[in-house]
Amino acid sequence: MDHFEYRDGELHAGDVPLAAIAAEHGTPLYVYSAATFLDHFHRLNAAFAPLNPLICFSVKSCSNVHILRLLAERGAGMDVVSGGELLRARLAGVPAERTVFAGVGKTDDEIHQALAGEPDRADPGPIGLFNIESEPEYEVVAAAARAMGVSARAALRVNPGISAGGHAYVRTGHAETKFGVELPHAEALFEKFAREKHLRLCAIHLHIGSSITDPAPYAQAVSKALALIDRLERKGVRIEALDLGGGFGADYTSGAAPPAAVFAAAIVPLLESRARAGLRIILEPGRSIAANAGVLLTRVLFVKHTGPRKFVVCDAGMNTLLRPSLYNAFHFIWPVSVSPQHVPPSRRESLDLPGLEPCDVVGPVCETGDFLARDRTLPLLARGDLLAVFAAGAYGMSMASRYNSHPLPAEVLVEGALARLIRRRESPDDLVAHER
Ligand code: LLP
């Protein structure tokens, strides 16, 4: 699952005690484990090795440049959805051809940025693949490429009509979402644009949803894509790459997500011979690599009782980690320092340990919807206690906001015995810098 574990009642990231990191860098603080990132990345690589896939880490899940570099140095490409993410990928040293650019709302500037590449680099060409979401978008990107005299490649995001994933907000593969093009329409677009010189439509992109724990919908989606590839082949249109998107679940509770090998067992047999025959397979995992690789550390400010309820008020809230408020998402929360009887045997919603009390863990933001956990049983807490919010590495910091004018938290990456500050805490001055 990850490299965060209790030793003598003290939560550690690898060999480094988290209390010491919080003492040095303050809270709220995101702490990442390099070993966990690499472990998940290597497991995915190993599971899908027969397909020799390009694994494009989904930058939106955890966008810090140092983390992108950690993965890029091991051969990862990047899945980006904005000019900002493209800049991050470039700063992390990711070659243009290992970058795929998705997103339903690409602006002219972003399209230009992705087509132009960086003239001062060894690989000044356009990004590897534009993932196109509609015919109008295709026309705009193709016109830009033509005007710039550039030849680029594109995938068409096909909506396979399959509903999969966690919360309704993160399901994307069913009919009537804003994403992609319906299958019947897709075929016509490939026929129309497959031979376009400046933007060759030569790949299929799928992304059916996020937080998926069942391999079956992937198998269904892949089968539909393969049938489309065969139909197109008969019409003389060759598909060069199949991008399966992301979506593999993570262990928010112990054992919640099947390992990468389970997904691979359903997907690899369908694609093995195609990959051998030259079909390039791309994956875009975010959560399954990043979620368990990060914890959020937060300090208890006050413990207050209102009627029958106990509120543990912390310095992190929906501004720091939005997932509980937005998706009612479960994150295991536990004190960083505990007595021997309170070392958690697993990370589940209710643990059968002595002396626990129910409480709501809430943040400082002026909204009733600002909580990290509701009705959670925890050991008794007091002002100054340090809590760890687990599996916060994906869609944690990347969705954090400055709501209520709280500066963004800092980020620390633990590599072996070293805890390195990879993003400094914002100051109150940073908050108003653009308003001066
Ligand atoms: N590719 C595309 C086209 C995507 O839209 C996404 C995620 C991914 C890849 C990566 O998916 P993953 O492997 O991380 O599941 N904020 C939500 C998740 C939104 C996912 C958006 N798209 C959350 O906190 O659960």
Enumerate the calculated ³J(HN,Hα) couplings along region 134-148 in order (Karplus 6.51 cos²θ - 1.76 cosθ + 1.60, θ = phi - 60°), each rounded to whole Hz, writing x wherever the residue is Gly or Pro. 6, 5, x, 5, 4, 4, 5, 5, 5, 5, 5, 4, 4, 5, 8
Sulfur and carbon atoms: percent of accessible area, the chain [1.4 Å]: 52
Using the heavy atoms of the protein chains alone and a 1.4 angstrom probe, what is the accessible area of region 34-287 per residue in square angstrom? 39
For GLU182, GLU5, give me the order by solvent-accessible area with a 1.4 Å probe, most accessible first, ignoring ligands, DNA and RNA. GLU182, GLU5
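Quick one: length gained pulling LEU418 to ARG309 fully straight, 0.36 nm per residue minus the C-alpha distance?
Result for the pair: 35.2 nm of gain on full extension.
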Counting only residues 5 or more places away or on other chains, whose amide H sits under 5 Å from the amide H of ASN159 once H atoms are built in the peptide plane? VAL181, GLU182, LEU183
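List the pairs from LYS106/LYS224; LYS60/LYS197; LYS60/LYS192; LYS197/LYS235 whose alpha-carbon separation is above 25 Å, in the order I gave them.
Where the Cα-Cα span goes over 25 Å, the pairs concerned are LYS106/LYS224; LYS60/LYS197; LYS60/LYS192.
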Cβ-Cβ cut-off under 15 Å around SER273, Lys and Arg +1, Asp and Glu -1: the net charge is 0
Theoretical ellipticity at 222 nm over the chain - DSSP helices of four or more residues, -39500 (n - 2.57) apiece, nearest 500: -8500 deg cm²/dmol
Heavy-atom accessible area order for ASP370, ASP214, largest first, 1.4 Å probe: ASP214, ASP370
Report relative contact order for the chain in percent, whole number only (criteria: Cα-Cα under 8 Å, sequence separation at least 6). 19
Could you report the accessible area of LYS224 in Å², rounded to 10, computed with a 1.4 Å probe on the protein chains as they sit in the structure? 80
In terms of solvent-accessible area of protein heavy atoms at a 1.4 angstrom probe, what is the ranking of THR107, THR177, highest value first? THR107, THR177
What does the extension gain come out to for THR377 and SER405, with contour length at 0.36 nm per residue minus their alpha carbon separation? 7.0 nm
So, in Å, what gap is there between the alpha-carbon centers of region 36-90 and region 416-430? 22
Starting from the coordinates of the alpha-carbon atoms of the chain, obtain the Kirkwood hydrodynamic radius over all distinct pairs and give the value in Å to one decimal. 22.8
Of all DSSP beta bridges in region 34-287, what percent run antiparallel (nearest 5)? 5
Grab the beta carbon distance between ARG231 and ASN52, set R0 = 22 Å, and tell me the FRET efficiency rounded to 0.05. 0.30
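The values are calculated or read from the model by the stated rules, or taken from the named source; none is laboratory data. These numbers come from a predicted model, not from an experiment. Don't worry about glycine lacking a Cβ; one is built from the backbone with ideal geometry, like all the others, and counts go over all protein chains shown. All accessible areas refer to the heavy atoms of the entire protein, side chains included, with ligands and DNA or RNA removed. Shrake-Rupley method; radii C 1.70, N 1.55, O 1.52, S 1.80 Å.
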